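*Asks:* My questions will all concern the structure given below.
The values are calculated or read from the model by the stated rules, or taken from the named source; none is laboratory data. Everything quoted here is computed from the prediction, not taken from an experiment. In this analysis, Cβ positions are derived from the backbone assuming ideal geometry, glycine residues included, and neighbour counts consider all displayed protein chains. Note: accessible area is taken over every heavy atom of the protein model, side chains too, but ligands, DNA and RNA are not part of it. Shrake-Rupley method; radii C 1.70, N 1.55, O 1.52, S 1.80 Å.
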Amino acid sequence: MNEGIRLHTPIGVSSDDVERALLEQAKDEPSVLRACEYLRGEAAERAAHELNQALDINAFELLTQGWARVPAVRNAAQLSVLKPGPPSIVWLDEHNIASTSYPVLQIHVAQDALPELRLRLEIIAGVQSATLAARAGRIELVALGKVSVIARLGYKDVLLKEHTTTVEGALRDPFKHQRAARDSPSGVDIYI
């Protein structure tokens, strides 16, 4: 069930984003500055392709890592190892999960290695609600409310890419009450 959870639109960078990061790096690294003409066009496209593969994140793993830090979820998972039986159910109201990672791009020009380009990827997932089950020490997703994801890729203080998407592939919580629309008239017709 959890394998189908994914970002609606994957995070993607373009060759222009890579070139901009390299130009920023060149301000501090003379060797990158000297190699800039070789790092454009096709080389930047290959680098963007490699980065896009690295940025193909597992949405369920990202959410699970955040949920594992919630004391109630962590306790339920630990208890499920000690006391086998039916899963413990944990319901989480509205919450955010934030993650920061540092993808590194290694570049070689004419057999010479340039300094690594160390980027920063910040991801913030805003989760409306989640119903989780803890079984045998693992967290299983039962149902998930709406999730919005903002990903920011940067180099030092420069924002290279901001990406907004949602998460799809999870069952929606059937017990979550939906608010009725205020503008729609409500009424019941009873025929006798």
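*Asks:* Sum up the charges of everything whose Cβ sits under 12 Å from the Cβ of ALA77, counting Lys and Arg as +1 and Asp and Glu as -1, but leave ALA77 out.
*Replies:* +4
*Asks:* How large is the dipole of the chain about the Cα centre if only Lys and Arg carry +1 and Asp and Glu carry -1, each at its Cβ, rounded to the nearest 20 debye?
*Replies:* 860 debye
*Asks:* Something else about it: How charged is the neighbourhood of PRO10? Take every other residue with its Cβ under 14 Å from the Cβ of PRO10, and add Lys/Arg as +1 and Asp/Glu as -1.
*Replies:* Counting the neighbours of PRO10, the net charge comes to 0.
*Asks:* Continuing with the same structure: Using only DSSP helix segments of four residues or longer, with each worth -39500 (n - 2.57), what per-residue ellipticity at 222 nm results for the chain after dividing by its residue count and rounding to 500?
*Replies:* It comes out at -8000 deg cm²/dmol, rounded to the nearest 500.
*Asks:* Once Lys and Arg get +1 and Asp and Glu get -1 on their Cβ, which of GLN25, GLY85, GLY66 lies farthest toward the positive end of the dipole of the chain?
*Replies:* Farthest along the dipole direction, towards plus: GLY85.
*Asks:* Within 12 Å, Cβ to Cβ, of ALA134, how many net charges do the neighbouring residues add up to if Lys/Arg are +1 and Asp/Glu are -1?
*Replies:* Taking every Cβ under 12 Å from that of ALA134, the sum is +3.
*Asks:* A further question on this structure: How much length would be gained if the chain were fully extended between GLU116 and ASN58, taking 0.36 nm per residue of separation minus their Cα-Cα distance, in nm to one decimal?
*Replies:* Residue separation times 0.36 nm, minus the Cα-Cα distance, leaves 18.4 nm.
*Asks:* Quick check: at a probe of 1.4 Å, how many percent of the accessible area of region 1-62 sits on carbon and sulfur atoms?
*Replies:* 47 percent
*Asks:* Per-residue counts of other Cβ atoms within 10 Å, averaged by peptide: what ranking do you get for 84-95, 23-34, highest first?
*Replies:* 23-34, 84-95
*Asks:* The list (i) 22.6, 87; (ii) 20.0, 63; (iii) 27.8, 99 gives values of Rg and Dmax of the Cα atoms in Å, and only one came from this structure; which label was calculated from it?
*Replies:* Among (i) 22.6, 87; (ii) 20.0, 63; (iii) 27.8, 99, the one calculated here is (i).
*Asks:* What does the accessible area per residue of region 13-156 come to in Å², with a 1.4 Å probe and no ligands, DNA or RNA counted?
*Replies:* With the other protein chains kept in place, region 13-156 gives 57 Å² per residue.
*Asks:* Could you work out how far the C-alpha centroid of region 117-166 sits from that of region 26-99, in angstrom?
*Replies:* 7 Å
*Asks:* Just how large is the dipole of region 1-107 about the Cα centre, in debye to the nearest 20, putting +1 at every Lys and Arg Cβ and -1 at every Asp and Glu Cβ?
*Replies:* Here the size comes out at about 540 debye.
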